[in-house]
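As structure tokens, the structure follows; a few thoughts come after it.
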Amino acid sequence: MENKQQILIVEDEEKIARLLEIELTYEGYETKKVYDGYEGFAAIQSQEWDLILLDVMLPGISGIEILRRTRSIPSDVPVILLTAKDAIEDKVAGLDLGANDYVTKPFQMEELLARVRAHLRQRYKGHADGEQSIDWLQFKEIKVSEETREVFHGEHEVSLTPREFDLLVYLMQHIRIVLNREQLLNRVWGFDYIGDTNVVDVYIRYLRNKIDKPFGTKYIQTVRGVGYVLKDEQ
């Protein structure tokens, strides 16, 4: 008999937690729901989960703190944050700490279930007979795995923050295509990002300092008045 994928629900609003439990169970998942931060982190430590739905506003300790502790274990379990509509800071903090996604309350159940399926597919894509086949994005000497979040320049592994990683992935998905700041903001920071668009320039500089400069390459290029592009050196 096939083992069901196990999802942990950390949500203090009992009606929402119960609704998630019912819908996920109907979809064929096994679930456990807990209602406060301390209990949530204890549940994360108690076993290996396939995915976690994590409310940001919790009694005890916050969802952001639970996420920080989870990633420091370390754990690569997919985490989808459940956030308030106007909680921009929580979304940004969560993504920076390694959240895989977020859904804004009130959410459409169909959308949340689709995101759950997508992250579970991504996590277990390529498993065959207990072994994982990793797909790589590659450009020149740069190689990136979205599944393992590994980055290499030639034989050298490069350490990136979650935001730097997402920015590099988007550039590598659009090789030789010039991307403007708005496109990069929408994809990497989110459509509802409110802040200085110069953040794109700052993170491009961070990325160049890790991907290009140490290796003497100039693949991440500026197109003046437009944006940025990943392409062959000129």
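Before moving on, here are some points about what is shown:
- Evaluated against (1) at pLDDT 90 or above; (2) touching a Ser or Thr at 6+ places or on another chain (Cβ under 7 Å), L207 falls short on exactly one condition, (2).
- Filter result for L95 (surrounded by 13 or more Cβ atoms within 10 Å (Cβ to Cβ), more than 15 Å from V10 (Cα to Cα) and either touching a strand residue (DSSP E or B) at 6+ places or on another chain (Cβ under 7 Å) or in contact (Cβ under 8 Å) with a residue 60 or more places away in the chain (or both)): yes
Rundown of residues vs (1) modelled with pLDDT under 80; (2) closer than 19 Å to S75 by Cα; (3) not assigned by TED's automatic domain parsing to the domain that holds Y26, yes/no style:
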site	(1), (2), (3)
E111	no, no, no
R115	no, no, no
R149	no, yes, yes
F152	no, no, yes
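- Residue check for D101: at pLDDT below 85 and among the acidic types (D, E): no
- Members of the stretch 73-127 that are of a type in the set (F, W, Y) and within 10 Å of the chain's Cα centre (by Cα): Y102
- Filter pass, Y170 being part of a helix (DSSP H, G or I), out of contact with any Ser or Thr (no Cβ under 6 Å at 6 or more places or on another chain), within 22 Å of D101 (Cα to Cα) and without any contact (Cβ under 8 Å) to a residue 40 or more places away in the chain: yes
Yes/no matrix, rows are residues, columns are (1) farther than 22 Å from Q122 by Cβ; (2) surrounded by 21 or more Cβ atoms within 10 Å (Cβ to Cβ); (3) in contact (Cβ under 8 Å) with a residue 12 or more places away in the chain:
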| residue | (1), (2), (3) |
| --- | --- |
| K33 | yes, no, yes |
| G37 | yes, yes, yes |
| A42 | yes, no, no |
| Q45 | yes, no, yes |
| D50 | no, no, yes |
| I66 | no, yes, yes |
| S75 | no, no, yes |
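- Checklist (1) surrounded by fewer than 21 Cβ atoms within 10 Å (Cβ to Cβ); (2) in contact (Cβ under 8 Å) with a residue 12 or more places away in the chain applied to T25, failing item: (2)
The values are calculated or read from the model by the stated rules, or taken from the named source; none is laboratory data. Nothing here was measured: the structure is a model prediction, and the numbers come from that model. Here Cβ is always computed from backbone atoms with ideal geometry, including for glycine, and neighbour counts include all displayed protein chains.
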